[in-house]
Each structure stands twice: as structure tokens, then as C-alpha cells.
1. Within region 98-143, work out how many residues are over 18 Å from Asp75 (Cα atoms) and among the basic types (Lys, Arg).
2. Which one is surrounded by the most Cβ atoms within 10 Å (Cβ to Cβ) among residues in region 54-78 that are closer than 19 Å to Pro122 by Cα and in contact with a Phe, Trp or Tyr (Cβ under 8 Å, 6 or more places away or on another chain)?
3. For His77, indicate whether it is under 23 Å from Leu57 (Cβ atoms) and at pLDDT 95 or above.
4. Taking Arg79 as meeting all but one of (1) out of contact with any Lys or Arg (no Cβ under 8 Å at 6 or more places or on another chain); (2) charged (D, E, K, R); (3) farther than 22 Å from Arg132 by Cα, write down the number of the exception.
5. Examine region 109-118 for a residue that is in a strand (DSSP E or B), free of Cβ contacts under 8 Å to residues at least 12 places away in the same chain and surrounded by fewer than 19 Cβ atoms within 10 Å (Cβ to Cβ), and state whether such a residue exists.
6. Could you check region 79-106 and list, in sequence order, the residues that are farther than 17 Å from Val39 by Cβ, buried (at least 17 other Cβ atoms within 10 Å of the Cβ) and in contact with an Asp or Glu (Cβ under 8 Å, 6 or more places away or on another chain)?
7. Out of Ala105, Ala44, which single residue is among the hydrophobic types (A, V, I, L, M, F, W, C) and free of Cβ contacts under 8 Å to residues at least 60 places away in the same chain?
Amino acid sequence: MPAHGVGIPFQSIGSEEHVAQAREKLKQEKAERPPEVAVAVEAALERNAREAALLDLRGVSDATDWFLIASGDSDTHARAIAENIIDRMREAGFRPAGVEGKASANWILLDYITLVVHVFLPRVRDYYDLERLWGDAPSLAVE
């Protein structure tokens, strides 16, 4: 058995070329994101948002261009994520058209017209399953 214990020789997991291609693709995806999306993603990650996902809805929806979906471990955590996004977006010159759900923090929605941010508690996110509902939209890496 190989040293890493999963039954697959380490060398076959991925070549240097494959890793380089993956890094280049991620770099291109990040370059294509509008500034408000980049700021929101960074702000969510600053507060340790869980399972962050970015959906590119351009060509899929007329309502908005992007969804940023993330989870918080508790209502306090979800609220902290949302508040940091609001603060950082405001610093960058973006104001939300609407904010919903901050009081209960089960599902906080921040509407920036071209970007809609959803911050969920895990059980609520699992119930609504927006990633499956919007399955036609490409999902981009969030790092």
C-alpha cells in the first residue's frame, strides 16, 4: 500500500501541469469578477464564512448576475459575516439596495442588485439548497 494510505500512488493524484492549469483557471475566474463581488468574497472569508460558494448567474437569471452563498456556525457568526460584508462594501463605495433577515440571522440576504449575498445557518441552507436550485449557473472557486 502507498505511504499516504488511500490506495492511489501519490504521483497519479495530479501532475505539476494539472496544478498549474488549475491555478491559472482560478486566476482567470478571479480576474473576471466585478469589484463588488471580489470585495464581498474577501469580506465573507475575513469572518471565516463556511462553505462559501459563488454562482455566476449571468445568462441564467435576469434578476441578478451573482450569488455569494455562505454559512455561519451560529446566528452571531452569520450576523458578523453579513455585517463585515456590509462594512467592507460601504468602504468600497457599494450600498445595499436591501438587507433582510439580520434580526433572526437564519438567512440574511444582502441585495446589491448585480450581487445578492445569502448568509445562512447550515440547517436553513440545507433546506433551501440554492446551489441545487440554481444548478444551471456555473459555480466559481471561493478562496
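The values are calculated or read from the model by the stated rules, or taken from the named source; none is laboratory data. Please read these numbers as outputs of a predicted model, since none were measured by experiment. Please note: Cβ atoms are built from the backbone with ideal geometry, for glycine as well, and neighbour counts cover all protein chains shown.
1. We begin by selecting, within region 98-143, every residue over 18 Å from Asp75 (Cα atoms); these are 98, 111-116, 129-143.
Okay, now just the ones that are also among the basic types (Lys, Arg), so 132.
Counting residues in region 98-143 that are over 18 Å from Asp75 (Cα atoms) and among the basic types (Lys, Arg) gives 1.
2. Initial filter on region 54-78 (closer than 19 Å to Pro122 by Cα): 54-55, 67-78.
From what is left, the residues that are in contact with a Phe, Trp or Tyr (Cβ under 8 Å, 6 or more places away or on another chain) are 54-55, 67, 69-72, 78.
Working: Leu54: 23, Leu55: 25, Phe67: 23, Ile69: 23, Ala70: 27, Ser71: 21, Gly72: 24, Ala78: 29.
Here the answer is Ala78.
3. On the way: under 23 Å from Leu57 (Cβ atoms): no; at pLDDT 95 or above: yes.
Here the answer is no, as His77 does not meet what is asked.
4. (1)
5. In the first step, residues of region 109-118 are kept if they are in a strand (DSSP E or B); the result is 109-111, 115-118.
Narrowing further to those that are free of Cβ contacts under 8 Å to residues at least 12 places away in the same chain: 109.
Now narrow it down to the ones that are surrounded by fewer than 19 Cβ atoms within 10 Å (Cβ to Cβ): 109.
Yes, because at least one residue in region 109-118 is in a strand (DSSP E or B), free of Cβ contacts under 8 Å to residues at least 12 places away in the same chain and surrounded by fewer than 19 Cβ atoms within 10 Å (Cβ to Cβ).
6. First, pick out the residues of region 79-106 that are farther than 17 Å from Val39 by Cβ: 79, 98, 100-106.
Pick out the ones that are also buried (at least 17 other Cβ atoms within 10 Å of the Cβ) and you get 79, 101, 105.
Answer for region 79-106, where residues must be farther than 17 Å from Val39 by Cβ, buried (at least 17 other Cβ atoms within 10 Å of the Cβ) and in contact with an Asp or Glu (Cβ under 8 Å, 6 or more places away or on another chain): just Ala105.
7. Numbers: Ala44 fails: free of Cβ contacts under 8 Å to residues at least 60 places away in the same chain.
Sole residue among the options that is among the hydrophobic types (A, V, I, L, M, F, W, C) and free of Cβ contacts under 8 Å to residues at least 60 places away in the same chain: Ala105.
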